[in-house]
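> Structure provided below as structure tokens; questions to follow.
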Amino acid sequence: MKKLIKSLPALGLALAATIAFAFNSPNGEILEQYAYDSNEDVWYNLTGQSPGPTTYLCNSGTVCTQERPHPDAPIVATGMFVKIGNFPIVPEDD
């Protein structure tokens, strides 16, 4: 019983994250997401990808992903972008 009580905060956090993802994209619409990799000086298209150990992480920081591949675009997720998987590179605007 003590184990169950101690795990309640973690279960609550997992439930909150599930609800946040469920209501984040109305009508099953996939939000476009892009991330800037300052090490490579490129934008990656992350649309349809979820953060995880084989894709990417959003560590502590200010901006992780944005709605468009532009520094002034609205922020989708906060944190520092850490690339793990392979993603399409967004071509530069000429």
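> Looking only at residues that are open to solvent by 50 Å² or more (accessible area, probe 1.4 Å) and of a type outside the set (A, V, I, L, M, F, W, C) in region 70-88, which one is nearest to residue 31 (Cα to Cα)?
74
> Conditions: (1) modelled with pLDDT of 90 or more; (2) outside any strand (DSSP E or B). Residue 93 meets all but one. Number of the miss?
(1)
> Which of the residues that make up region 33-47 are surrounded by fewer than 16 Cβ atoms within 10 Å (Cβ to Cβ) and either farther than 10 Å from residue 87 by Cβ or more than 11 Å from the chain's Cα centre (by Cα) (or both)?
Hits for region 33-47 are 37, 38, 39, 40, 41, 45.
> Looking at region 52-63, which of its residues are buried (at least 17 other Cβ atoms within 10 Å of the Cβ) and not in a strand (DSSP E or B)?
Answer for region 52-63, where residues must be buried (at least 17 other Cβ atoms within 10 Å of the Cβ) and not in a strand (DSSP E or B): just 63.
The values are calculated or read from the model by the stated rules, or taken from the named source; none is laboratory data. Keep in mind the model is a prediction, meaning the values are calculated, not measured. Neighbour counts run over all protein chains shown; Cβ positions are idealised from the backbone, glycine included. Remember, those area values only see protein heavy atoms, side chains included, never the ligands or the DNA or RNA. Shrake-Rupley method; radii C 1.70, N 1.55, O 1.52, S 1.80 Å.
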